[in-house]
Amino acid sequence: MERKTYEKYEQINTMFDALENQIIHSGDLSNFRKNLYYVNHEHHENYEALLLYYNQANHDPIVDGACYIIAIPEIFNAINIFDNPLPFSWVYTETGLTEEMKSLSVHLQYLVAAALETSQIQIFTPSGYTMGITNWSIHQLRLFWQYTAIVRRAAIQN
């Protein structure tokens with residue numbers, strides 16, 4: 001059992017090292033984006049399309065990260081992006097969470113909520129970040145880590 005725990009820590013450390021190297025050696029935005037972790041080819045295609053639609057993503061890392069999250073096929077296919085002036089406009093209204101948000105798996109809801117918390121918008125108590133860290137699989141955690149690398153890419157450049 002202890003060996004498995006050690007191997008998990010090694011895997012997590014390896015992923016963190018890969019993310020750090022990805023940020024440090026990213027070069028231009030297109031090279032950085034080419035090397036992101038994608039669920040599948042559709043995730044990558046959706047992301048590229050969203051970057052064209054939300055062109056402010058080229059200058060705003062929060063919008064860029066939001067595009068990465070909503071490009072996940074299960075999210076992208078659940079929403080009509082053309083009805084939304086901002087990437088996360090579909091998540092909630094003055095009456096609460098939208099049907100689109102409620103239709104997502106709880107783990108993806110936590111991912112969206114954690115991303116919104118980057119902009120100091122909290123839709124869940126406890127927070128999406130707290131619930132995600134407690135419940136995400138390593139795959140979902142990797143999506144969140146990749147999101148943080150997108151949003152914090154400027155930290156290395158400053």
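The values are calculated or read from the model by the stated rules, or taken from the named source; none is laboratory data. Note that this is a predicted model, so its numbers are computed, not measured. Cβ: placed from backbone, ideal geometry, glycine included. Neighbour counts: every protein chain shown.
Within the range 7-61, restricting attention to residues that are at pLDDT below 70, among the acidic types (Asp, Glu) and in a helix (DSSP H, G or I), the residue that is farthest from PHE144 (Cα to Cα) is GLU7. Take the residues in the range 114-150 that are in a loop (DSSP other than H, G, I, E, B) and hydrophobic (A, V, I, L, M, F, W, C); name whichever of them is surrounded by the fewest Cβ atoms within 10 Å (Cβ to Cβ). Ranking the qualifying residues of the range 114-150, first place goes to ILE121. Taking the conditions (1) touching a helix residue (DSSP H, G or I) at 6+ places or on another chain (Cβ under 9 Å); (2) without any contact (Cβ under 8 Å) to a residue 40 or more places away in the chain in turn, PRO85 satisfies each one other than (1).
With the requirement that a residue be touching a Pro at 6+ places or on another chain (Cβ under 7 Å) and either loosely packed, with under 14 Cβ neighbours inside 10 Å or hydrophobic (A, V, I, L, M, F, W, C) (or both), what does the range 51-100 give you? Hits for the range 51-100 are VAL63, ALA66, CYS67, ILE70.
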